[in-house]
Structure formats: structure tokens, C-alpha cells
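A short worksheet on the structure shown next.
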Amino acid sequence: MFRIEPPFGHDVEIVEELNLPSDLAEAADEVSRLLAKAPEAIMVAERTYVLGRQESLLETQLGYRITPGGETLIGEGENHWRSSWLVVGWDEDSGDPLFVDLADRDLPVFTAMHGAGKWVAEPVAPQFRTLLVSDYR
């Protein structure tokens, strides 16, 4: 996948494809860099999460942040998908998303049950970086 690296350092393709607010660009870049070095899957509390790949971050959002047709699933109200949430993986068995909140400098990680008609974020780890290098079993 071709990526444009402008002088200010943000991955324009990720920001534009995901329709991220510009104030979240730096955090999205960091998540993308971390995914480039991440394992294929991680274990958290006896659940296996398959991690998305840096080169397919857009596809990782399908069904959570966007529809297959590219329409947004982001909402304004409580229990809607937030514009600051970025899916980084999914539960191998249930398909529940593993996502990072880009609005928080620590990049906390959450999961939520999909198919429930609402998104209720459940904390998984205080930092995405820490999750990738720590044992959360």
C-alpha cells in the first residue's frame, strides 16, 4: 500500500481513509507504528485477540467504524461508536472489537460486545503499547 509521508509526519492515507479528525492524526500514527511491530495475536484474560495489520487498518474498521460500502457508523449519542475509537483487532471467537481511544494520550484499550445494538466500552488495558509487551492473562 502506498503511503505519503508529508513533512509534518502524519500518515495522510490513514487519516483520510478513516476520516479521522485532524487532532487525532498523531495518535493514529503511533497506533499504526505499534501495529507494524505487533504480534499477529495476543492473549488477554484467556481471550485471543487477532491484531489488525498496519497495511490493512481500514479493513480492520469494517463493521465497527464503517460499513463495507464506506459509510460511517460513528454516532453522536451515548453507546454509539465514537470518532476517536480505532479498531486494532478482534476477539478470535466472538468477533468483538479490540479498540484504542485516540483521544486519550495513553491510548487505552477497550473491547465491546458487537451485535448488541449499542457499544459499551469495557477496559482491557491502560495503554496500547503496554498491552503489546505485557502479559495480561
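For the chain, what proportion of DSSP beta bridges, expressed in % and rounded to the nearest 5, is antiparallel?
Here the share of antiparallel DSSP bridges comes out near 85 percent.
What percent do you get for the relative contact order of the stretch 13-106 when only Cα pairs under 8 Å and 6+ apart count?
26 percent
Does the stretch 58-110 come out rounded, prolate or oblate, given a ≥ b ≥ c as the square roots of the eigenvalues of its C-alpha gyration tensor, rounded meaning a/c under 1.5 and, failing that, prolate meaning a/b above b/c?
Oblate, because a/c is 1.5 or more while a/b does not exceed b/c.
Laboratory data are not the source of any read-out in this text; all were calculated from the coordinates shown. Predicted, not measured: the structure shown is a model, and the values here were computed from it.
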